[in-house]
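What follows is a single structure, written as structure tokens, with notes after it.
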Amino acid sequence: MPSFASLSFGGNKKIYAAIIASLLILAMLVPSLREKYSEPVKAERESYKLGTVVRLTVYGSDEKKLDSALTDAMNEIDRLEGLFSVNIPSSEISKVNSSKSGRVKVGRECADITSFSLRQAKMTNGAFDPTIEPIVKLWGIGTDSPRVPSSDEIKNALKYVDYKKISVKDGFIIKGEGQKLDMGAAAKGWIADRLAEMLKKRGIKSAIIDLGGNLSVIGESPKKRPWKLGLQHPAKPRGEYFAIVEASDTSVVTSGPYERNFTKDGHLYHHIFDTKTGYPAESDLASVTVISQNSALADTLCTGLFAMGLEKASELVLSEGVSAVFVSKDYKNIYITKDISSALSLKDDTMKLHIIGESKN
């Protein structure tokens with residue numbers, strides 16, 4: 001077979017140059033075409049962090065790059081948990097809580113998540129409150145020794161629960177006497193947002209970030225269509241869903257009393273507290289799901305909306321334009337915002353679907 005150099009084009013150098021240029025363009029296109037039409041590489045990482053099982057799944061064309069991105073993401077979880085966890089004595093939040101001073105210098109990230117949490121507390125009129133730590137510690141739900149505190153203990157702890165007494169200014173957290181912060185209802189969402197930013201900067205275009213009930217998805221699924229995410233049935237074992245929601249480049253966060261609880265004398269006590277009474281919230285809801293591109297917003301709102309109950313929660317999501325799914329306490333009714341009606345498929349035929357804000361028939 002003759003080489004390119006021996007081919008004759010009748011002395012027409014323009015034809016020769018055009019063919020060579022076409023071949024070079026084709027050579028450059030082959031890798032991108034291969035990436036577009038071949039099955040993407042899948043890489044996963046799982047570990048126990050943030051008090052839950054964390055799973056990260058990424059897709060792409062370069063396995064080494066995916067593994068490197070996963071390693072960095074897992075390290076970032078550890079770093080941020082080291083800043084925000086009340087269970088790590090060296091964390092910035094722990095230092096704020098242990099300080100006798102009412103003015104504590106913190107880093108930018110700690111200041112930012114505190115400022116954000118205070119805004120969320122204001123939005124929910126205190127139904128979500130980052131100063132709930134004295135009540136959380138008193139009950140110990142989620143630890144090896146949960147208990148029912150006395151009414152006097154609860155009354156005393158409630159004196160320190162008031163987000164309005166906390167402020168952030170010039171890198172300082174300014175708190176009232178005896179006040180302590182708990183970022184448990186904000187940190188996972190906040191961290192999910194940071195991980196999504198990190199992975200996107202690393203060139204990841206398709207991924208699932210699962211931080212124990214806090215799901216964030218990057219782009220579309222490897223099948224080039226929206227991700228199909230299951231919404232946990234609050235009365236059934238883990239992995240049994242009452243609905244499927246389609247989502248791309250967003251976060252889906254679900255919360256309910258089924259997550260962490262204990263039973264004493266036949267009564268179930270759960271981890272979502274009424275900030276006014278200091279007892280687990282007596283809600284007419286069994287679970288709340290919030291869908292938002294801001295996972296931290298979804299995380300904090302899930303807590304606040306559950307504590308608020310169906311009527312007030314419905315008013316808030318409509319006024320703020322929040323996408324949400326509420327399951328009634330009897331598991332018979334599902335209430336959703338209209339904007340997600342086309343993305344949600346009900347899988348439990350014993351449940352009835354309602355659109356929030358529309359009159360009941």
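Please treat every number below as a calculation from the coordinates, not as lab data. Quick caveat, the model's predicted, so the values are computed rather than measured. Heads up, the Cβs are rebuilt from the backbone with ideal geometry, glycines too, and the neighbour counts pull from every protein chain shown.
Descriptive notes on the structure:
- If the chain linking residue 153 and residue 103 were pulled fully straight, counting 0.36 nm for each residue of separation and taking away their Cα-Cα distance, it would gain 15.4 nm.
- Between the amide H of residue 221 and those of 227, distances stay under 5 Å, these residues lying 5 or more places away or on another chain, with hydrogens modeled in the peptide plane.
- Total lysine pairs in segment 162-258 at Cα distances under 26 Å, for residues eight or more apart or on different chains: 25.
- Label-point gap, in nm, between residue 358 and residue 263 - each point 7 angstrom along Cα→Cβ: 3.8
- Karplus-derived HN-Hα couplings along segment 118-132 (A = 6.51, B = -1.76, C = 1.60, θ = phi - 60°), whole Hz, x at Gly and Pro: 5, 5, 5, 4, 5, 4, 8, 6, x, 5, 9, 9, x, 8, 6
- Principal axis box of segment 188-267, alpha-carbon based, largest edge first, Å: 53, 24, 13
- Gyration tensor verdict on segment 216-351 (Cα atoms; rounded if a/c is under 1.5, prolate if a/b is larger than b/c, oblate otherwise): prolate
- Among 216-222, 351-357, sorting by the average number of other beta carbon atoms lying within 10 angstrom of each residue, highest first, gives 216-222, 351-357.
- Residues whose placed amide H lies under 5 Å from that of residue 273, excluding near-sequence neighbours: 281
- Positive dipole terminus of the chain, leading residue within 302, 156, 113 (C-beta point charges): 113
- Positive-end residue of 59, 73, 84, charge dipole of segment 34-86 with Cβ unit charges: 59
- Relative contact order of the chain, pairs being alpha-carbon contacts under 8 Å that are 6 or more residues apart, as %: 14
- For the peptides 243-255, 41-53, 196-208, the ranking by packing is 243-255, 196-208, 41-53, with the highest mean count of neighbouring Cβ atoms within 10 Å listed first.
- Sequence-distant aspartates and glutamates (8 or more away, or on other chains) whose Cα lies within less than 20 Å of residue 338: 246, 249, 311, 315, 320, 348, 349, 358
- Table column - 3J(HN,Hα) (Hz), segment 45-51, Karplus curve with 6.51, -1.76, 1.60, x for Gly and Pro: 8, 9, 7, 8, 8, 6, x
- DSSP-loop GluC sites (Glu not before Pro) across segment 97-188, with at most 11 other Cβ within 10 angstrom: 177
- Peptides 258-265, 160-167 ordered by average Cβ neighbours within 10 Å, highest first: 160-167, 258-265
- Rounded to 10°, Cα long-axis angle of helix 63-84 versus longest principal axis of the chain: 20
- Helical content alone sets the calculated 222 nm signal of the chain at -11000 deg cm²/dmol, taking -39,500 (n - 2.57) per DSSP H segment of four or more residues and averaging over every residue.
- Computed from backbone phi, the HN-Hα couplings of segment 206-218 come to 8, 6, 10, 10, 10, 10, x, x, 9, 9, 10, 10, 9 Hz, rounded to whole numbers (Karplus: 6.51 cos²θ - 1.76 cosθ + 1.60, θ = phi - 60°; Gly and Pro given as x).
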